[in-house]
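Just below is one structure, and these are the notes that go with it.
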Amino acid sequence: QKEVEQNSGPLSVPEGAIASLNCTYSDRGSQSFFWYRQYSGKSPELIMSIYSNGDKEDGRFTAQLNKASQYVSLLIRDSQPSDSATYLCAVSRLNQGGSEKLVFGKGTKLTVNP
Amino acid sequence: GAVVSQHPSRVICKSGTSVKIECRSLDFQATTMFWYRQFPKQSLMLMATSNEGSKATYEQGVEKDKFLINHASLTLSTLTVTSAHPEDSSFYICSARVRVGEKLFFGSGTQLSVL
């Protein structure tokens with residue numbers, strides 16, 4: 001099992017719809033979870049971070065975390081064409097030296113159609 | 001938000017040459033910096049974790065002698081790709097954070113093309 005798994009997509013939704021992105025992870029000890037957005041040829045930019053079970057809302061974005069199911073999701077309401085990008089799920093885990101590192105999923109490519 | 005500056009943004013070099021990439025945290029002190037590599041349509045793969053003043057911790061399968069990392073100050077880390085070959089062509093991205101558990105701030109990335 002991969003450490004962080006995402007459906008690579010592509011996921012296509014019409015403008016104004018809700019886009020739902022899912023992610024599962026294997027390390028039960030993970031404590032920090034992040035969603036990044038990456039446009040082609042650019043570096044990732046942070047969209048949401050979530051640390052405890054439940055929902056966290058920020059504008060049109062809602063992150064959901066269920067540690068028992070080892071599942072984290074991102075909902076994008078009122079999707080806009082500018083939301084079209086690859087969304088990366090990232091999960092923290094301990095590095096070999098005992099420090100923390102982020103492990104990224106492969107990303108889900110989202111296309112919002114006008 | 002915090003700014004991480006990465007330079008150069010693009011490098012084209014001949015096989016066998018060495019390339020140095022710089023990563024600077026402009027408005028905060030980064031105790032830890034991370035170097036990632038991303039091949040087309042793939043995820044970010046962590047290469048190494050760099051702590052200021054100590055040796056970098058490399059991920060399994062990453063050659064320490066080929067990818068030299070220096071983190072001499074709290075605001076600067078460098079990655080040197082020594083004797084680059086075409087298979088090293090990739091998008092290299094640095095990131096930095098202040099403390100464990102906090103979010104990462106990413107540099108703008110360096111697209112390396114080795115001919």
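The values are calculated or read from the model by the stated rules, or taken from the named source; none is laboratory data. All values derive from a computational prediction rather than experimental measurement. Note that we place each Cβ from the backbone using ideal geometry, even for glycine, and neighbour counts take in every protein chain shown.
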Residue count for region A:13-52, restricted to those that are surrounded by 12 or more Cβ atoms within 10 Å (Cβ to Cβ), among the polar types (S, T, N, Q) and farther than 17 Å from A:K106 by Cα: 4
Flag for B:L68 being closer than 11 Å to B:C23 by Cα and among the aliphatic types (A, V, I, L, M): no
Residue match in region B:93-102 (condition: more than 8 Å from chain A (Cβ to nearest Cβ), farther than 23 Å from B:N51 by Cβ and touching a residue at least 12 places away in the same chain (Cβ under 8 Å)): no
Residues located in region A:22-48, provided they are modelled with pLDDT of 95 or more and more than 14 Å from every other protein chain (Cβ to nearest Cβ): A:N22, A:T24
Top-ranked residue in region B:80-110 [being in contact with a Gly (Cβ under 8 Å, 6 or more places away or on another chain) and surrounded by fewer than 15 Cβ atoms within 10 Å (Cβ to Cβ); ranked as nearest to B:I21 (Cα to Cα)]: B:S83
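Matching residues to (1) of a type in the set (D, E, K, R); (2) within 24 Å of A:F104 (Cα to Cα); (3) touching a residue at least 40 places away in the same chain (Cβ under 8 Å):
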| position | (1), (2), (3) |
| --- | --- |
| B:V11 | no, no, yes |
| B:T31 | no, yes, yes |
| B:L44 | no, yes, yes |
| B:V62 | no, yes, no |
| B:S73 | no, no, no |
Any hit, region A:77-98, residues being among the hydrophobic types (A, V, I, L, M, F, W, C), over 10 Å from the mean Cα position of the chain (by Cα) and within 14 Å of chain B (Cβ to nearest Cβ): yes
Answer from B:K55, B:K66 - the residue that is out of contact with any Phe, Trp or Tyr (no Cβ under 6 Å at 6 or more places or on another chain) and within 11 Å of chain A (Cβ to nearest Cβ): B:K55
Any hit, region A:70-86, residues being surrounded by 18 or more Cβ atoms within 10 Å (Cβ to Cβ), without any contact (Cβ under 8 Å) to a residue 40 or more places away in the chain and closer than 25 Å to B:G107 by Cα: yes
Test: residue in region B:84-94 that is among the polar types (S, T, N, Q) and part of a strand (DSSP E or B): yes
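Yes/no per residue for (1) at pLDDT below 95; (2) under 29 Å from A:R93 (Cα atoms); (3) surrounded by 12 or more Cβ atoms within 10 Å (Cβ to Cβ):
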| site | (1), (2), (3) |
| --- | --- |
| B:P8 | no, no, yes |
| B:V11 | no, no, yes |
| B:K14 | no, no, no |
| B:S18 | no, no, yes |
| B:F28 | yes, yes, yes |
| B:T31 | yes, yes, yes |
| B:W35 | no, yes, yes |
| B:Q42 | yes, yes, yes |
| B:L46 | yes, yes, yes |
